[in-house]
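The values are calculated or read from the model by the stated rules, or taken from the named source; none is laboratory data. Note that the structure is predicted; figures quoted are calculated from it, not measured. Positions of Cβ are backbone-derived with ideal geometry, glycine not excepted, and every protein chain shown enters the neighbour counts. What goes into the accessible areas is simple: the full protein's heavy atoms, side chains included, and nothing from ligands, DNA or RNA. Shrake-Rupley method; radii C 1.70, N 1.55, O 1.52, S 1.80 Å.
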Amino acid sequence: MTDRPLLVMVPGAYFQPGDFAEHGFLDALRRQAGGAGGVDAIVANLPAERYLEGDAAAWLHAEIIAPALARGHRRLWLLGISLGAMGALLHAQAYPAVIEGMILLAPFLGTRGLIAEVAAAGGLARWQPGPIAAQDTERRLLAGLKAGLPPRLYVGYGMADRYAAAGRLLAAELPEGRAAVTEGGHDWPTWELLWREILARAPFDA
């Protein structure tokens, strides 16, 4: 058993497994989280088709989370970017109490029409999801977020990001200091800035 946090990095669509290292995410993690025993990290190359098949959370748990638990990791964190943020949230909803915290950058939570529907209602707390079809993963995800956010959630997004409205919905529900906003769009330079800003807030401190 280890007290070192394990950060599971969940990539977005069309990411390559080496993208997190190439864009400095691992180096920044080593610099900012080097104290208190440090933080281990692993990339979960969650296939995009798993979202379409409705088993993204099950894949993530079977392939990454359950083996980590078996190796003695007890402090598990998820980092999700874009579609990977949806994967992280789906896992948190399917397997509550397993994840200690998560960091979501430029989160994709649903189509822009669905996000606009929630925003027009006044946010997650006031929105009524209505009937949810069996295959409507996005509406079910948002209904779960309305019921309660995962613990120790951090969110970051660029103001010009095409999914910024989803980031704003989550940020409005968070305690002070849990949301990071910067200029920029849906791209690695923006995510690198957000990552360093959130790391500077020491999210992994016990």
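Going by the structure shown, is Ala13 modelled with pLDDT of 90 or more and either surrounded by fewer than 18 Cβ atoms within 10 Å (Cβ to Cβ) or part of a loop (DSSP other than H, G, I, E, B) (or both)? Yes; evaluated as a whole, the condition is true for this residue.
Close contacts from the range 117-146, counting a first residue that is among the acidic types (Asp, Glu) and a second that is open to solvent by less than 60 Å² (accessible area, probe 1.4 Å), with Cβ to Cβ under 6 Å and a gap of 6+ residues or different chains, come to Glu138/Gly110; Glu138/Leu114. Filtering the range 63-86 to residues that are part of a helix (DSSP H, G or I) and hydrophobic (A, V, I, L, M, F, W, C) leaves Ile64, Ile65, Ala66, Ala68, Leu69, Ala70, Leu83, Ala85, Met86. Against the condition touching a helix residue (DSSP H, G or I) at 6+ places or on another chain (Cβ under 7 Å) and of a type outside the set (A, V, I, L, M), how does Trp77 come out, does it pass? Against the criterion (touching a helix residue (DSSP H, G or I) at 6+ places or on another chain (Cβ under 7 Å) and of a type outside the set (A, V, I, L, M)), Trp77 does not qualify.
The set of residues in the range 107-125 that are over 24 Å from Leu79 (Cα atoms), loosely packed, with under 13 Cβ neighbours inside 10 Å and in contact with a helix residue (DSSP H, G or I) (Cβ under 9 Å, 6 or more places away or on another chain) comprises Ala116, Ala125.
What number of residues in the range 164-191 are surrounded by 15 or more Cβ atoms within 10 Å (Cβ to Cβ), under 19 Å from Leu29 (Cβ atoms) and more than 15 Å from the chain's Cα centre (by Cα)? Number of matching residues: 3.
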